[in-house]
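Inspection log for the structure reproduced underneath, given as structure tokens.
The values are calculated or read from the model by the stated rules, or taken from the named source; none is laboratory data. Remember, predicted model here, so these are calculated numbers, not experimental data. Neighbour counts are summed over all protein chains in view; Cβ atoms, including those assigned to glycine, are modelled from backbone coordinates with ideal geometry.
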Amino acid sequence: MRRAELFTAVVFALLSGYLMWKSAELPVGWIPDKGPAGGAFPFWLSAAMLACSAWIFVRALRGATPESRTHGPFMDGPTVKLLAMAGGSLLVALILITWLGFYVAIPFLFVFWVRLVGRRSWMTTGILAVTVPVLTFFFFEIGMRILLPKGITEPLFYPLYQTFF
């Protein structure tokens, strides 16, 4: 387990460095009268991730966590199954987003995770599967003017665009 913790900290530190380097291709500072430049958020988020990776590495070296003091396997059978379910469901969601669009794919993902995996009620599942895409639409598309992929469902959004734009 300790080796996995150290390895993961190093991988995330390298990823953080790469993301900082790539985001620095855009301006990272503050643009007067406009706000943060395009690379600011990804750069500083990556810098925070680098700091966290370094902290995890140091704690694992010092044996500060119970996980860093054990030498057992990193993943057991149930963990591998859960990881496969997470990766598989996200892959299916990405395929559905490409074909059906974000606002249809995400409710399917919620039904899978909340109802089938989490075993919550249909009421809870339905509320989440409906409200999250609606709030996401208003936040991204209306509030921030960032269009999310809609696939073949795009014509259904034309009346909403006429109403809000």
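In table form, for the structure just shown:
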read-out: Among (1) surrounded by 14 or more Cβ atoms within 10 Å (Cβ to Cβ); (2) free of Cβ contacts under 8 Å to residues at least 24 places away in the same chain; (3) touching a Pro at 6+ places or on another chain (Cβ under 9 Å) - the single one residue 20 does not satisfy; value: (2)
read-out: Near pairs, Cβ below 8 angstrom, 6+ apart or cross-chain, from the range 51-64 (touching a residue at least 40 places away in the same chain (Cβ under 8 Å) and among the β-branched types (Val, Ile, Thr)) to any residue that is part of a helix (DSSP H, G or I) and surrounded by 13 or more Cβ atoms within 10 Å (Cβ to Cβ); value: 56/5; 56/8; 56/9; 56/12
read-out: Boolean, residue 100 is touching a residue at least 40 places away in the same chain (Cβ under 8 Å), touching a helix residue (DSSP H, G or I) at 6+ places or on another chain (Cβ under 7 Å) and over 20 Å from residue 6 (Cβ atoms); value: yes
read-out: Residue ranges of helices (runs of 4 or more DSSP H) in the range 1-115 with at least 1 members under 30 Å from residue 129 (Cβ atoms), assigned by TED's automatic domain parsing to the domain that holds residue 141 and of a type outside the set (Phe, Trp, Tyr); value: 77-100, 102-110
